[in-house]
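See below for the structure under consideration.
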Amino acid sequence: MLEKDITAAILRYLRSLPECFCWKEHGGSYGAAGIPDIICCYRGRFLGLEVKQLGNKMTRLQEVTLERIRAALGVAHMVTSLAEARAIIKKLEEELR
């Protein structure tokens, strides 16, 4: 599955959830380098998801950015599937109970 298809599936899922606001971050000259592909606020928690095809790796800048999000008490992960994103949301829901 292509990265854009994985991203689209995750965004459809996230947009179906109540108390969820998310968008696809588009790189380029107007964006900050290293920002995760999907930015989300779910039930008051910041979530950044870097989407990769299975077998692909993040750049060092992407790794550092996810580390910085975590250091600021946000949630940040690399995902390769909708199932992984769903598992992250499930874990967040358990933490928020």
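The values are calculated or read from the model by the stated rules, or taken from the named source; none is laboratory data. The structure presented is a predicted model; accordingly, all values stated were derived computationally and were not measured. Virtual Cβ from ideal backbone geometry, glycine too; neighbours counted across all protein chains shown. Heads up: the accessible areas ignore ligands, DNA and RNA and are worked out on the full protein's heavy atoms, side chains in. Shrake-Rupley method; radii C 1.70, N 1.55, O 1.52, S 1.80 Å.
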Taking first residues from region 33-62 that are open to solvent by less than 30 Å² (accessible area, probe 1.4 Å) and second residues anywhere that are modelled with pLDDT of 95 or more and part of a loop (DSSP other than H, G, I, E, B), the pairs with Cβ under 6 Å that are 6 or more apart or on different chains are Gly48/Pro36; Leu49/Pro36; Glu50/Pro36; Glu50/Asp37; Glu50/Met58; Val51/Asp37; Lys52/Thr80
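Given the options Gly48, Gly27, Gly31, Gly44, name the one that is of a type in the set (Gly, Ala, Ser) and in contact with a Cys (Cβ under 9 Å, 6 or more places away or on another chain). Full working, then the answer.
Details: Gly27 fails: in contact with a Cys (Cβ under 9 Å, 6 or more places away or on another chain); Gly31 fails: in contact with a Cys (Cβ under 9 Å, 6 or more places away or on another chain); Gly44 fails: in contact with a Cys (Cβ under 9 Å, 6 or more places away or on another chain).
It is Gly48.
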Tabulated pairs, region 1-24, first farther than 10 Å from Val51 by Cα, second of a type in the set (Gly, Ala, Ser) and surrounded by 12 or more Cβ atoms within 10 Å (Cβ to Cβ), C-beta under 7 angstrom, 6+ apart or interchain: Tyr13/Ala85
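Taking region 22-48, which residues are among the aromatic types (Phe, Trp, Tyr) and at pLDDT 95 or above? Break it down stepwise before answering.
Step one: filter region 22-48 for residues among the aromatic types (Phe, Trp, Tyr), giving 23, 30, 42, 46.
Answer for region 22-48, where residues must be among the aromatic types (Phe, Trp, Tyr) and at pLDDT 95 or above: Trp23, Tyr42, Phe46.
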Matching option when the condition is modelled with pLDDT under 95, in contact with a strand residue (DSSP E or B) (Cβ under 9 Å, 6 or more places away or on another chain) and exposed (fewer than 11 other Cβ atoms within 10 Å of the Cβ), among Glu19, Glu95: Glu95
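Please specify each residue of region 42-92 satisfying the condition of being small (Gly, Ala, Ser) and in contact with a strand residue (DSSP E or B) (Cβ under 6 Å, 6 or more places away or on another chain).
First, the residues of region 42-92 that are small (Gly, Ala, Ser): 44, 48, 55, 71-72, 74, 76, 81, 83, 85, 87.
Hits for region 42-92 are Gly48, Gly74, Ala76, Ala85.
Only one of these is under 12 Å from the mean Cα position of the chain (by Cα), of a type in the set (A, V, I, L, M) and assigned to a loop (DSSP other than H, G, I, E, B): Ile35, Ile39. Name it.
Details: Ile39 fails: assigned to a loop (DSSP other than H, G, I, E, B).
Answer to the check: Ile35.
Give the residues of region 63-92 that are outside any helix (DSSP H, G or I) and open to solvent by 30 Å² or more (accessible area, probe 1.4 Å), sorted by residue number. I'd like the intermediate steps shown before the answer.
Start the filter on region 63-92 by keeping residues that are outside any helix (DSSP H, G or I), which leaves 72-81.
Residues satisfying the conditions are Ala72, Leu73, His77, Met78, Ser81.
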